[in-house]
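Novice: This is the structure, below, for whatever I ask next.
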Amino acid sequence: MGTYLGGYELTILSLFSGAGGLDLGLIKAGNSVIWANDIDGNAVETYIKNIGNHISRTDIKDVCIAHLPTADVVVGGFPCQGFSLANLQRQVDDERNKLYKYFYNVIKKKQPKYFIAENVRGILSINNGNVIKSIIKEFSEAGYYTSYQLCNMADYGVPQTRQRVIIIGQRKNLGSLIIFQFPRITHNALGVPKKWISIREAIDHFPDPDCANDIPNHIYSSYKVEYRNFTGHRQTNPDKPSPTILARGNGKGGVCAIPHYNGKRRLTIRESASVQTFPENFVFAGTMNSCYRQIGNAVPVKFACLLGKELVRLEKKGI
């Protein structure tokens, strides 16, 4: 059970934790996750197996906020399917979008020093941008200076052109201005200061999954590779970062693993996890589709660690 205990710089409550990509990065930076939750049984099993048993398999709507421990930070990648650009039927009043309200209520009532929320870039364009404006306004009314940034994970050393919106909140009584700094960009396509990391660099060391090996989760979907101009069906360039690792391949909930650059098969679960910068000894539980989904829903561990280091920096400043 769990191998990552973390340090003690800042204590964290983690909502919608999934397999724990965000949590693991925050822990690696020296923080401690003291309570986590997710509704998915396989994700919870994965979390316990690799991170710790402080996670509760609970629907967030059933969580009693008053009984939650007090923590310095609340984090969560609240469910994003209703916000996704891939969801052509997305609506402002999609029931899934309202789940962020539960995240909001925890922050409003627990009043942590900071909060970090993660979502897909589609959240910025819903209702001509009025949804994100409403979210920022609500957090301001709850007592937080709030800012957000669209981040391309490839710009931070993750071998994947994954774009996600990161929303940061700082309790207003900590200072007159928001002092949390978003991670500094370290990579780009031109190589300044460093070149993007390619998918080949990230996974080329793995053996052929069709040959005998003892690498955990090194198996792949038999879903045939057919190139089409659609998410998850485009050709993978070995010399560029991977396309976004998906949680769902279509609006009906089917999982679609990214094609391997050899054109003969899909990425294995293990390869997908490496693109998401999970450690190679991090083992996923559940069916093949569940494992792919857990990985696709995760925040890349490397990027999460950068967020965690910023929290440590603030704590050491005595804010």
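The values are calculated or read from the model by the stated rules, or taken from the named source; none is laboratory data. Note that the structure is predicted; figures quoted are calculated from it, not measured. Here the Cβ is made from the backbone with ideal geometry for all residues, glycine too, and neighbour counts use every protein chain on show.
Novice: Could you check the range 173-194 and list, in sequence order, the residues that are outside any loop (DSSP other than H, G, I, E, B) and loosely packed, with under 15 Cβ neighbours inside 10 Å?
Specialist: Result: ASN173, ASN188, LYS194.
Novice: Here are some conditions: (1) at pLDDT below 95; (2) assigned to a helix (DSSP H, G or I); (3) over 30 Å from SER272 (Cβ atoms). ILE107 meets all but one. Which one does it not meet?
Specialist: With (1) at pLDDT below 95; (2) assigned to a helix (DSSP H, G or I); (3) over 30 Å from SER272 (Cβ atoms) applied to ILE107, the lone miss is (1).
Novice: Return the residue satisfying two criteria in turn: it lies in the range 118-129 and is touching a helix residue (DSSP H, G or I) at 6+ places or on another chain (Cβ under 8 Å) and β-branched (Val, Ile, Thr), and of such residues it is surrounded by the fewest Cβ atoms within 10 Å (Cβ to Cβ).
Specialist: Ranking the qualifying residues of the range 118-129, first place goes to ILE126.
Novice: For the range 216-236, check the following and say yes or no: at least one residue is in contact with a Lys or Arg (Cβ under 8 Å, 6 or more places away or on another chain), within 15 Å of PRO159 (Cα to Cα) and touching a residue at least 12 places away in the same chain (Cβ under 8 Å).
Specialist: no
Novice: Now, a different point. Just to be sure I understand, how many residues within the range 10-25 are within 12 Å of VAL44 (Cα to Cα) and among the charged types (D, E, K, R)?
Specialist: Number satisfying all stated conditions: 0.
Novice: Still on this structure: Give me the residue from the range 130-157 that is modelled with pLDDT under 90 and more than 22 Å from the chain's Cα centre (by Cα) and, out of that set, surrounded by the fewest Cβ atoms within 10 Å (Cβ to Cβ).
Specialist: Result: ASN130.
Novice: Moving on to the next point. What are the pairs, 6+ residues apart or on separate chains, where a residue within the range 140-168 that is in contact (Cβ under 8 Å) with a residue 24 or more places away in the chain has its Cβ under 8 Å from a residue that is of a type in the set (Asp, Glu)?
Specialist: Correct list of pairs: PRO159/GLU201; ARG164/GLU118; VAL165/GLU118; ILE166/GLU118; ILE167/GLU118.
Novice: Next question, about the same structure. Going by the conditions given, is HIS218 surrounded by 15 or more Cβ atoms within 10 Å (Cβ to Cβ) and either acidic (Asp, Glu) or closer than 14 Å to HIS260 by Cβ (or both)?
Specialist: Yes; evaluated as a whole, the condition is true for this residue.
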